[in-house]
Amino acid sequence: MILNYDVAIFGGGIAGVSAAVTAAREGKNVILIEQSTVIGGNATGGLVNPFMRFWLNNEILCGTFFKELLEELREKDAILQNCFDSEILRLVLMKKLENVTVLFRTIPISVVTSNNRIESVTVKSALGNEYTVVSPLFIDATGDGSLSYIAGCSFESGDELKHENQGTTLMFVLANVNFDKVLSSVRNDPENFFPWVSPAQKVISVGGYFKEVKKAREEGLNYPVDYFFFTQLPGNGRVTVNTTHVWVKTTDDFEISKAIKELHNQVETVYIFAKKYVPGFEQSYIEKISTYLGVRESRRVAGLYQFSGEDVTEKKKFEDGVVKAVYGVDVHKKEENTNPRDSGAIPRYEDYYEIPIRSLISKEFENLGIVGRNFSGTFLGQSAARIMPTCADMGEAIGRLAGKVKRSFYEVFNNLKREV
Ligand SMILES: Cc1cc2nc3c(=O)[nH]c(=O)nc-3n(C[C@H](O)[C@H](O)[C@H](O)COP(=O)(O)OP(=O)(O)OC[C@H]3O[C@@H](n4cnc5c(N)ncnc54)[C@H](O)[C@@H]3O)c2cc1C
């Protein structure tokens, strides 16, 4: 069966949904193809929290789509500062897709190209049905750059020296935590925590418990990292735990599968640790474990511009800048496995940087957009730009551009000096 659309988007994470909703608002007939039954990717099924920094002083830097998410989460009492309820976000995102055709449980399996264009993509559903998607514009928001990979695009993966990917994590939520006990531990023994942990914080985010980790290890528990790190969520006594870590090649199916197994073991160990050793967690229970393996970085597809770590640290602005952000370089490396908030050069938040639209357009195919964590960046550039607000803004930028061009994203350069 042939499916004809104005824009075909692959991947229904925060970047893909943002792109789809924006392109539909621009009057385009849009199809969104998602492999799972969950909308929102890491931001919902992945249980990733909180939204990392998207403000500078009093200015909210992000675009319309992400601002709407914030407002709707606030209206539903589902956000504490930047910590949100992932299930409510899932409902909000699904509602926004009212005017978009969504094909769940479907992946791309082959691509027909001619010269520098993608002509069509054949997709296959979990039921075994195949469809050919024909569209003038395609967008890869799969996070892993899977559509681009099938189309034969060049890409990079891992750091430029050893090609090692960032650590993977399986997020999970613990409920029935006693926050009075947590804060009293922080007050009584601040040295037992990372320096950024404060008993005065309004929304509780704690990393440390070094003494407890040491004791648990001495008593024979095979605890995976040197700290225990969690952040409060809306609701009663709920926290999201970002503590498990496994380093694998994130473009290798078998290594990924091994990581998923190992991370489940780690979730169990961390849970046992929390209940036995951490004051306030005695009566806690596992509310949920992420549906997805948390992959921070896998394929970074080659675009017309490769956004870099220097662009972040030098707060670069571009003639074709379409996304503003402030979050710093943040690498989860094996040998730096000590402080989850100190894994990169945390910037002084004095100015923002921009991401140019060229980083969101394939250098090989004129009608292929690449947004979200698989956009065109160096290892360090991607480490900063991968956060949820920035991914949402990338989606919005390409969605808006899809509304303006007919057959090629390169049409935007008619009015721009092109620095390829
Ligand atoms: C453990 C972890 C902790 C993080 N911590 C934070 C944090 O605290 N704050 C923050 O702001 N950011 C954080 N991030 C980063 C952020 O969550 C992600 O980079 C961001 O959500 C990526 O959004 P995305 O839409 O690009 O991709 P994803 O969320 O990965 O979505 C991709 C979507 O595409 C679908 N898909 C994949 N392959 C295919 C295919 N072949 N066909 C069809 N569909 C496909 C997936 O099912 C998914 O729905 C973290 C990430 C991880 C993994």
*Filtered residues of the range 273-330 (kept if aromatic (Phe, Trp, Tyr), away from the ligand (no atom under 12 Å from the Cβ) and within 30 Å of residue 216 (Cα to Cα))*: 273, 277, 281, 285
_Anything in the range 31-80 that is modelled with pLDDT of 95 or more and at positive phi? List them, or say none._
40, 41, 47, 77
*Quick one: how many residues across the range 239-264 are within 22 Å of residue 185 (Cα to Cα) and surrounded by fewer than 19 Cβ atoms within 10 Å (Cβ to Cβ)?*
0
*asked:* Checking the condition surrounded by 19 or more Cβ atoms within 10 Å (Cβ to Cβ) and part of a helix (DSSP H, G or I), which residue from 123, 111, 92 passes?
replied: 92
_Exclusive hit being within 24 Å of the chain's Cα centre (by Cα) and buried (at least 21 other Cβ atoms within 10 Å of the Cβ), set 135, 86_ = 86
*Where in the range 1-59 are there strands (runs of 3 or more DSSP E), lying wholly inside it, with at least 1 residues that are in contact with a Lys or Arg (Cβ under 7 Å, 6 or more places away or on another chain), farther than 24 Å from residue 174 by Cα and touching a residue at least 12 places away in the same chain (Cβ under 8 Å)?*
7-10
*Conditions: (1) in contact with a strand residue (DSSP E or B) (Cβ under 9 Å, 6 or more places away or on another chain); (2) surrounded by 21 or more Cβ atoms within 10 Å (Cβ to Cβ). Residue 235 meets all but one. Number of the miss?*
(2)
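One line per residue, one yes/no per condition, for (1) in contact with a Cys (Cβ under 7 Å, 6 or more places away or on another chain); (2) more than 8 Å from the ligand (Cβ to nearest atom); (3) farther than 25 Å from residue 329 by Cβ:
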{"site": "22", "(1), (2), (3)": "no, yes, yes"}
{"site": "27", "(1), (2), (3)": "no, yes, yes"}
{"site": "34", "(1), (2), (3)": "no, no, yes"}
{"site": "37", "(1), (2), (3)": "no, yes, yes"}
{"site": "40", "(1), (2), (3)": "no, no, yes"}
{"site": "50", "(1), (2), (3)": "yes, no, no"}
{"site": "62", "(1), (2), (3)": "no, yes, no"}
_Any chance residue 312 is surrounded by 21 or more Cβ atoms within 10 Å (Cβ to Cβ), in a strand (DSSP E or B) and in contact with a helix residue (DSSP H, G or I) (Cβ under 7 Å, 6 or more places away or on another chain)_ = no
*Scan 273, 254, 281 and give me the residue that is without any contact (Cβ under 8 Å) to a residue 40 or more places away in the chain and over 26 Å from residue 348 (Cα atoms).*
254
*Considering each residue of the range 172-192, count those that are touching a residue at least 60 places away in the same chain (Cβ under 8 Å) and either touching a strand residue (DSSP E or B) at 6+ places or on another chain (Cβ under 9 Å) or assigned to a loop (DSSP other than H, G, I, E, B) (or both), and give that number.*
10
*May I ask you to list the residues in the range 284-307 that are assigned to a strand (DSSP E or B) and within 30 Å of residue 156 (Cβ to Cβ)?*
294, 300, 301, 303, 307
*Within the range 126-171, can you find the residues that are of a type in the set (D, E, K, R), away from the ligand (no atom under 14 Å from the Cβ) and not in a strand (DSSP E or B)?*
159, 160, 162, 164
*Could you run through the range 102-146 and say how many residues are under 19 Å from residue 13 (Cβ atoms) and touching a helix residue (DSSP H, G or I) at 6+ places or on another chain (Cβ under 9 Å)?*
14
*Residues in the range 265-283 that are buried (at least 20 other Cβ atoms within 10 Å of the Cβ) and part of a loop (DSSP other than H, G, I, E, B): how many?*
3
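Conditions tested, residue by residue: (1) in the same structural domain as residue 275 (by TED's automatic domain parsing); (2) crowded, with 20+ Cβ neighbours inside 10 Å; (3) among the charged types (D, E, K, R); (4) modelled with pLDDT under 95.
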residue	(1), (2), (3), (4)
165	no, yes, no, no
177	yes, yes, no, no
189	yes, no, yes, no
201	yes, no, no, yes
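The values are calculated or read from the model by the stated rules, or taken from the named source; none is laboratory data. The model shown is predicted, which means the values in this text are computed figures rather than measured ones. Neighbour counts run over all protein chains shown; Cβ positions are idealised from the backbone, glycine included.
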